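Below: the structure, in structure tokens.
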Amino acid sequence: MTSVHPVFDVEAVRARYPALSDGRVWLDGAAGSQVPDVVIDAIAGVYRRGLGNQGAAFAVSARLGELVVAARAAVADLVGAPDPADVVFGPSMTALTYRFASTLARRWRPGDEIVVTELDHEANVSPWLQAAHRAGVVVRTAPLDRLSGTLPTQAVTGLMTARTRLVAVTAASNLLGSMPDIPAITGAARRAGALSFVDGVHHCPHAVVDVAGLGADLYLTSAYKWYGPHLAAAVARPGLLDGLEVDNLAGVPGDGPVRFELGTNPFPALAGVVAAVDHLAEPAGRGGTGPGAPPDRRARIVAARAAATAHERALGVALVDGLRSIDGVELLPGWDAARRTATATFLVRGSAPAQVAAALDRAGINVWHGNGYARSAARALGLLDTGGAVRASLNHYNRAEDVDRLLRALTAHAGAPDRDR
Ligand SMILES: Cc1ncc(COP(=O)(O)O)c(C=O)c1O
């Protein structure tokens with residue numbers, strides 16, 4: 001059996017990804033996914049057809065300008081944003097978060113408050129802590145529930161006061177996979193008069209994203225987690241960007257998302273973003289739109305992502321069930337969260353996480369080990385100074401054989417005498 005979801009043809013998807021043909025098991029998409037042929041070709045195509053910059057009289061320049069517009073439209077379609085002009089590009093989610101932290105902090109006054117969480121990646125914590133420190137703003141940290149590996153809504157909303165200016169929260173933990181109730185949190189933030197800054201980096205590749213439904217004032221996503229290039233986007237609630245003051249060069253247009261972008265955009269990467277979104281709109285890797293497919297890309301994305309996430313979810317259940325049945329393997333809390341990605345993080349009795357990852361590498365399996373910069377969660381679980389844990393994360397191109405190979409290799413490792421590990 002290769003595909004665990006009847007309408008999702010995983011072999012057709014896999015055929016599009018050149019890197020997957022090396023025979024290894026790729027279970028580290030949470031750190032960076034592979035890219036399909038169309039993305040590679042789109043990026044190379046920009047270089048092949050010639051480069052310049054926007055604003056010149058010749059044809060290449062006009063084409064690059066159109067590419068920027070097309071890339072904003074693609075990200076807007078991916079996350080369900082009504083207006084592409086609310087999409088800001090940056091080199092990484094981390095860079096964008098620093099950009100918005102310094103921008104939003106201009107409005108903060110000493111004694112104001114912000115809320116961050118223990119479930120978040122450092123990229124949605126450190127920039128806010130540092131900006132708060134400079135502005136004399138009080139930081140409140142919402143604790144994760146150590147037993148369930150989840151972030152209870154009340155843990156965040158209970159910290160909001162009339163002085164709360166910002167709530168920074170992840171839509172999915174890259175360490176534990178659990179997904180907080182974002183609409184409940186952003187709704188409470190809005191009622192408290194605070195902005196919500198939602199880290200969608202681990203969420204976006206594993207969900208049918210609807211930013212309006214999430215209620216995020218700013219939603220952040222990195223294309224290299226959803227089969228695209230190393231480029232990130234911040235998607236703003238309509239109207240938000242216009243009201244923000246931001247540093248940029250004299251002469252940069254006074255309106256639109258370009259105000260928030262620094263220097264020349266990476267045109268080849270933007271072409272890769274368009275190709276990745278078009279790929280995500282395809283029905284299960286078959287290419288093209290297929291007969292009967294909805295005419296607009298957003299509708300096709302919603303249908304295709306629903307099938308892909310169902311495939312991942314079914315595979316994730318098999319992964320977790322298999323891990324639980326191996327003597328000596330202990331899953332971190334979060335594996336049974338009601339809302340979660342197909343990301344399983346675990347320890348192996350008697351082996352350091354780095355040792356387990358090295359043994360899996362020898363068996364031809366790529367996994368992550370450590371804390372994945374989810375430092376507060378690792379600290380809360382007592383793992384920050386002990387090497388973290390091992391993480392196996394599934395993407396739409398993973399299949400049942402990948403899970404089986406991981407489980408077999410782990411069974412052998414967990415059962416081996418110390419000298420053979
Ligand atoms: C949940 C989460 N947030 C933020 C980041 C940082 O993203 P970037 O590498 O685009 O700065 C990562 C990276 O792995 C992540 O997993």
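The values are calculated or read from the model by the stated rules, or taken from the named source; none is laboratory data. Everything numeric in this text was worked out from a predicted model, so none of it was measured. Positions of Cβ are backbone-derived with ideal geometry, glycine not excepted, and every protein chain shown enters the neighbour counts. Protein only, heavy atoms only, side chains kept; ligands, DNA and RNA dropped before computing areas. Shrake-Rupley method; radii C 1.70, N 1.55, O 1.52, S 1.80 Å.
Assess whether residue 271 counts as being crowded, with 23+ Cβ neighbours inside 10 Å, more than 17 Å from the chain's Cα centre (by Cα) and within 17 Å of residue 74 (Cβ to Cβ). It is true that residue 271 is crowded, with 23+ Cβ neighbours inside 10 Å, more than 17 Å from the chain's Cα centre (by Cα) and within 17 Å of residue 74 (Cβ to Cβ).
Rundown of residues vs (1) free of Cβ contacts under 8 Å to residues at least 40 places away in the same chain; (2) under 28 Å from residue 154 (Cα atoms), yes/no style:
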{"residue": "51", "(1), (2)": "no, no"}
{"residue": "56", "(1), (2)": "yes, no"}
{"residue": "60", "(1), (2)": "yes, no"}
{"residue": "68", "(1), (2)": "no, no"}
{"residue": "93", "(1), (2)": "no, yes"}
{"residue": "109", "(1), (2)": "yes, yes"}
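Against the criterion of being part of a helix (DSSP H, G or I) and either at pLDDT 95 or above or within 30 Å of residue 319 (Cβ to Cβ) (or both), residue 162 does not qualify. Selection of the range 302-319 for residues being surrounded by fewer than 21 Cβ atoms within 10 Å (Cβ to Cβ) and under 21 Å from the mean Cα position of the chain (by Cα) yields 302, 303, 306, 307, 309, 310, 313, 314, 317. The set of residues in the range 213-237 being of a type in the set (Ser, Thr, Tyr) and not in a loop (DSSP other than H, G, I, E, B) consists of 219, 221, 222, 224. Exactly one residue out of 200, 215, 243 is among the small types (Gly, Ala, Ser) and on the phi > 0 side of the Ramachandran plot: that is 215. Within the range 363-419, take every residue that is surrounded by 24 or more Cβ atoms within 10 Å (Cβ to Cβ), within 21 Å of residue 125 (Cβ to Cβ) and not hydrophobic (A, V, I, L, M, F, W, C) and give me the one that is farthest from the ligand (Cβ to nearest atom). Ranking the qualifying residues of the range 363-419, first place goes to 388.
One line per residue, one yes/no per condition, for (1) under 29 Å from residue 203 (Cβ atoms); (2) in contact with a strand residue (DSSP E or B) (Cβ under 7 Å, 6 or more places away or on another chain):
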| position | (1), (2) |
| --- | --- |
| 12 | yes, no |
| 17 | yes, no |
| 21 | yes, no |
| 29 | yes, yes |
| 53 | no, no |
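Put simply, of 116, 88, 125, 35 the only residue that is under 30 Å from residue 152 (Cβ atoms), in contact with a Phe, Trp or Tyr (Cβ under 6 Å, 6 or more places away or on another chain), of a type outside the set (Ser, Thr, Tyr) and crowded, with 21+ Cβ neighbours inside 10 Å is 116.
Total residues in the range 189-200 satisfying the condition of being part of a loop (DSSP other than H, G, I, E, B) and open to solvent by less than 20 Å² (accessible area, probe 1.4 Å): the figure is 2.
Being exposed (fewer than 14 other Cβ atoms within 10 Å of the Cβ) and farther than 22 Å from residue 52 by Cα is the filter here; which residues of the range 241-264 pass it? Once the filter is applied, which keeps residues that are exposed (fewer than 14 other Cβ atoms within 10 Å of the Cβ) and farther than 22 Å from residue 52 by Cα, the range 241-264 yields 242, 243, 245, 247, 254, 255. Do we find that residue 236 is away from the ligand (no atom under 12 Å from the Cβ) and at pLDDT 95 or above in this structure? So residue 236 passes the test.
Put simply, of 62, 81 the only residue that is within 28 Å of the chain's Cα centre (by Cα), modelled with pLDDT of 95 or more and not charged (D, E, K, R) is 81.
Cβ-Cβ contacts under 6 Å between residues 6 or more apart (or on different chains), taken from a first residue in the range 388-415 that is within 30 Å of residue 279 (Cα to Cα) and at pLDDT 95 or above to a second residue that is hydroxyl-bearing (Ser, Thr, Tyr) and not in a helix (DSSP H, G or I), are listed as 391/345; 393/343; 395/33; 397/17; 399/2.
From the list 144, 166, 159, which one is within 16 Å of the ligand (Cβ to nearest atom) and among the aliphatic types (A, V, I, L, M)? None of the others qualify; the one that does is 144.
If you go through the range 324-360 and pick out every residue that is assigned to a loop (DSSP other than H, G, I, E, B) and open to solvent by 20 Å² or more (accessible area, probe 1.4 Å), you end up with 10. Scanning the range 103-125 for residues that are within 16 Å of the ligand (Cβ to nearest atom), part of a helix (DSSP H, G or I) and closer than 14 Å to residue 166 by Cβ turns up just one, 124. The test for being open to solvent by less than 10 Å² (accessible area, probe 1.4 Å) and within 14 Å of the ligand (Cβ to nearest atom) holds for residue 223. When we screen 59, 71, 76 for residues that are open to solvent by less than 50 Å² (accessible area, probe 1.4 Å) and over 22 Å from residue 395 (Cα atoms), the only hit is 71. If the condition is being more than 22 Å from residue 320 (Cβ to Cβ), more than 11 Å from the ligand (Cβ to nearest atom) and of a type in the set (Val, Ile, Thr), then the range 170-208 contributes 182, 185, 186. Step by step: first the residues of the range 275-296, then only those that are of a type in the set (D, E, K, R) and at pLDDT below 95, then the one that is surrounded by the fewest Cβ atoms within 10 Å (Cβ to Cβ). Which residue is that? Only one residue fits best here, namely 296.
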